[in-house]
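What follows draws every value from the coordinates through simple rules; no lab data is involved. No experiment lies behind these values; they were computed from the predicted model shown. Reconstructed Cβ throughout: ideal geometry from the backbone, glycine too, with neighbour counts over all protein chains shown.
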Amino acid sequence: MQDLLDHLSKDHPEGLILYISGSITITTIQIINRLEFKKGLKGKNELWESPEIILYLFCWIFPHVLMVDQFLQMKLSTEGWFFMGVLLLFGLTGRWGLEWLATIRTGKQIEKDELPK
């Protein structure tokens, strides 16, 4: 851990300052508006379902991933970006989106009774 901090403070001091200030800013905004975020993400049924939980966590994590990638030059792998995309797809479309993604790969068609209502 000490090696990482030494590397960042010596090689990327401006990036470290930008990341810390951006991190404090985005976290403050998210804490101030957390009740509105929760209310909006719960939807009409007022229940926390798995896609809504994933979106809520995604909203907290994604800005930090972008700032680390940009300011600290700690590049996220292609698999990491793919995983973030799958999380976003699942959060926005639910189980149907993952099934749709699997059908593209296998070529199998989704039955009409399997489609969401």
Seminar exercise, completed: Per the filter on the stretch 31-48, residues surrounded by 10 or more Cβ atoms within 10 Å (Cβ to Cβ) and not in a helix (DSSP H, G or I) are 33, 43, 48
Seminar exercise, completed: Restricting the stretch 49-87 to residues that are surrounded by 17 or more Cβ atoms within 10 Å (Cβ to Cβ) and free of Cβ contacts under 8 Å to residues at least 40 places away in the same chain, the one nearest to residue 11 (Cα to Cα) turns out to be 58
Exercise. Which number in (1) over 15 Å from the mean Cα position of the chain (by Cα); (2) surrounded by 12 or more Cβ atoms within 10 Å (Cβ to Cβ) marks the one condition that residue 28 misses?
Worked result: (2)
